[in-house]
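Q: Below you will find the structure I want to go over with you.
Nothing in this text is a laboratory measurement; each read-out follows from the coordinates by a stated rule. These figures come from a predicted structure and were not determined experimentally. In this analysis, Cβ positions are derived from the backbone assuming ideal geometry, glycine residues included, and neighbour counts consider all displayed protein chains.
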Amino acid sequence: MATTSADRILSLDIVRGIAVMAIFSVNIVGMAMIESAYFYPPDFGFDSVGDRVMWTLNSIFVDGRFRSLFSILFGASLTVVVERAVAAGKEGWHVHYPRMLVLLLFGTAHFYLLWWGDILVNYALVGMIAYLFWQLRPGALVVIAAFALIVFYAPTLVETQEQLAKVAASRAPGASPELVAEVQEMLSAPDDFNEQIEEDRANNASIAAHVRASTSMPAAMRPWNSVPGYGLETLGLMLLGMAAYKSGFLTGAWSRRGYVLVAVLCLAADLIPHTYAAWLSLRSDFAPEVYFPWTRSYLNPLHAVGAFGYAALIILMFPIRSALADRFAAVGRTAFTNYLGATVIGTLLFNGSFGGLYATLSRGEVWLFVPFVWALMLLWSKWWLDRYRYGPFEWAWRSLSRWEWQPMRRRAPA
């Protein structure tokens with residue numbers, strides 16, 4: 001796979017660019033409507049056929065897979081940065097930990113000022129741990145990653161089975177009234193659901209309102225609780241990314257036959273169950289005892305599988321440089337700016353201080369903004385990089401972590 005410059009790996013940039021675009025198609029729901037609708041669609045804005053079509057497409061093809069792919073790519077990029085620092089005669093940790101500390105600052109600002117769905121705090125904190133493994137060989141990284149993911153997913157799967165057993169027992173003849181009441185409470189919306197909706201609206205009425213809500217307890221601990229919450233999953237995915245980079249998978253070094261095999265096997269193993277889960281959810285009209293086990297438990301271990309399938313497919317689609325490949329690569333090179341910029345756009349559209357569209361549109365209507373944001377990413381990213389070395393937030397991250405003003409504008413050719 002060709003490189004875009006001496007210090008860029010084209011395949012990594014292209015995959016990262018497509019991943020950050022796909023993530024926005026899911027994240028916009030969390031920006032535009034009440035938070036619970038992000039996790040359970042019928043809670044808000046889910047009345048039309050278009051709403052169900054958009055949920056179905058995202059559920060089958062996007063949700064979970066591209067977030068996992070982004071985490072995998074983070075692990076790969078971590079390794080690239082540290083290896084190059086060591087090759088330049090520096091201590092790897094001297095470069096890595098300042099980068100993570102600055103990323104932590106960006107993440108806290110992102111969460112407290114703009115949006116509850118920040119992932120950067122989690123990446124920064126887990127990235128500090130992932131550094132300890134970067135020198136391991138691919139095989140060892142895969143083993144440790146598999147262990148971390150099993151330890152993370154197993155309790156959820158066990159808990160899901162226990163809850164489903166309770167549901168089945170409550171519907172059996174002779175079930176105790178106490179068990180029936182417990183299950184009904186577990187499956188039904190909370191009594192104060194309408195109050196929660198109004199509170200959610202109020203928290204997005206302005207930037208100041210969001211800051212007050214995000215800095216009050218217990219919400220203020222949310223980004224930090226992400227490490228005990230799902231840090232093992234993030235760590236496992238980052239370690240898989242390190243292994244995928246070191247093995248040459250993410251750099252385009254494998255044979256075409258190898259990528260075809262990974263794409264076919266991984267996407268089949270991922271998309272078929274996701275299609276079945278979407279069908280079950282639609283057929284049951286999103287009954288909680290069907291929707292949550294399938295979309296929030298059973299399929300989670302397949303997200304990494306689907307992520308590798310998509311990575312292989314993308315690498316196959318762009319074997320050499322082209323105008324379109326350069327566009328996607330530019331989005332990937334400015335992925336940090338595009339990720340944060342997407343939140344800024346969402347804030348401008350939905351926050352009450354600006355567009356005021358929060359909780360006024362359905363899921364399908366919200367998604368209509370996505371193609372325009374995708375087009376913006378594809379247009380501005382390459383235009384910017386033709387003139388500047390880094391994206392705006394990439395430049396700030398680099399300058400702050402090195403504690404040195406980095407050159408921004410490209411030199412004009414002699």
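Q: I'd like the distance between the alpha-carbon centres of region 382-412 and region 113-152, rounded to an integer number of Å.
A: Answer, in whole Å: 27.
Q: Given R₀ = 22 Å, what would the calculated FRET efficiency be for residue 287 paired with residue 47, taking r from the Cβ atoms and rounding to 0.05? Don't skip to the answer; put the middle values down first.
A: On the way: r = 17 Å, r/R0 = 0.79.
FRET efficiency, residue 287 to residue 47: 0.80.
Q: Normalise the Cα radius of gyration of region 10-402 by 2.2 N^0.38 Å (N = residues in it) and let me know the number. Could the numbers behind the result be given before it?
A: Working: Rg = 21.5 Å, N = 393, 2.2 N^0.38 = 21.3 Å.
Against the compact-globule rule of thumb, the ratio is 1.01.
Q: Also: How would region 375-414 be classified by its alpha-carbon gyration tensor: rounded, prolate or oblate, with rounded meaning a/c under 1.5 and the a/b versus b/c comparison settling the rest? If you can, show how the numbers build up before the last one.
A: Numbers: a/c = 5.24, a/b = 1.31, b/c = 3.99.
Since a/c reaches 1.5 but b/c is at least a/b, the shape of region 375-414 is classed as oblate.
Q: List the GluC sites (Glu not before Pro) within region 17-113 that DSSP assigns to loop and that have no more than 15 neighbouring Cβ atoms inside 10 Å. If you can, show how the numbers build up before the last one.
A: Values: sites: 35, 83, 91; in loops: 91.
Those that pass, being in a loop and sparsely packed, are 91.
Q: With unit charges on the beta carbon (Lys/Arg positive, Asp/Glu negative), name the residue among 300, 336, 161 whose Cα is farthest towards the positive pole of the charge dipole of region 10-402.
A: Selected residue: 336.
Q: Angle check, please: helix 10-32 long axis (alpha carbons) against the longest principal axis of the chain (alpha carbons), in degrees 0 to 90, nearest 10.
A: Long axis of 10-32 versus the principal axis of the chain: about 30 degrees.
Q: Shifting gears a bit: Set the Förster distance to 22 Å, then compute FRET efficiency between residue 171 and residue 272 from the Cβ-Cβ distance, nearest 0.05.
A: On the way: r = 29 Å, r/R0 = 1.33.
Here the calculated transfer efficiency is 0.15.
Q: Which angle between 0 and 90 degrees, to the nearest 10, do you get for helix 256-283 versus the longest principal axis of the chain when only C-alpha atoms count?
A: Tilt of helix 256-283: around 20 degrees.
Q: Grab the other residues whose beta carbon is less than 13 angstrom from that of residue 41, score K and R as +1, D and E as -1, and report the net. Kindly include the intermediate steps, with their values, before the conclusion.
A: On the way: positive: 52, 296, 363; negative: 35, 43, 47, 51, 63, 285.
So the environment of residue 41 carries a net charge of -3.
Q: Further question on the same structure: Once you put a point 7 Å from the Cα of residue 35 and another 7 Å from the Cα of residue 280, both along the Cβ direction, what distance in nm separates them?
A: 2.8
Q: Okay, next question. On C-alpha positions alone, give me the angle between the axis of helix 370-385 and the longest principal axis of the chain, in degrees, nearest 10.
A: 20
Q: How far is the Cα center of region 2-61 from the Cα center of region 202-242, in Å?
A: 18
Q: Using Cα centres only, tell me the gap between region 339-380 and region 246-309 in whole Å.
A: Centre-to-centre distance over Cα atoms comes out at 27 Å.
Q: Once R0 is set to 35 Å, what does the formula 1/(1 + (r/R0)^6) return for the Cβ-Cβ distance between residue 194 and residue 154, expressed as a FRET efficiency to the nearest 0.05? Could the numbers behind the result be given before it?
A: Details: r = 37 Å, r/R0 = 1.04.
About 0.45, to the nearest 0.05.
Q: Just in region 310-397: which trypsin sites (Lys or Arg not before Pro) are loop by DSSP and have at most 12 other Cβ atoms within 10 Å?
A: Working: sites: 321, 327, 333, 363, 382, 387, 389; in loops: 321, 387, 389.
Those satisfying the criteria are 387.
Q: Also: Using the Cα centre as the reference, give the magnitude of the dipole from point charges on the C-beta atoms of the chain (Lys, Arg: +1; Asp, Glu: -1; all else neutral), rounded to the nearest 20 debye.
A: Values: 31 positive and 30 negative charges, 509 e Å.
Using only the charged Cβ atoms, the result is roughly 2440 debye.
Q: If you don't mind, another one. Give the residue from 18, 40, 30 lying farthest towards the positive end of the charge dipole for region 7-74; charges sit on Cβ (+1 for Lys and Arg, -1 for Asp and Glu) and the dipole is referred to the Cα centre.
A: Of 18, 40, 30, it is 18.
Q: I would also like to ask the following. Quick one: longest stretch of the chain between exposed loop chymotrypsin sites (Phe, Trp or Tyr not before Pro), exposed meaning at most 16 other C-beta atoms within 10 Å and loop per DSSP? Before the final figure, lay out the partial values.
A: On the way: sites that count: 354, 403, 405.
Longest run free of exposed loop sites: 1-353.
Q: Which trypsin sites (Lys or Arg not before Pro) from region 137-233 combine a DSSP loop assignment with at most 13 other Cβ atoms within 10 Å?
A: Working: sites: 166, 171, 201, 212; in loops: 171.
Sites meeting the loop and neighbour criteria: 171.
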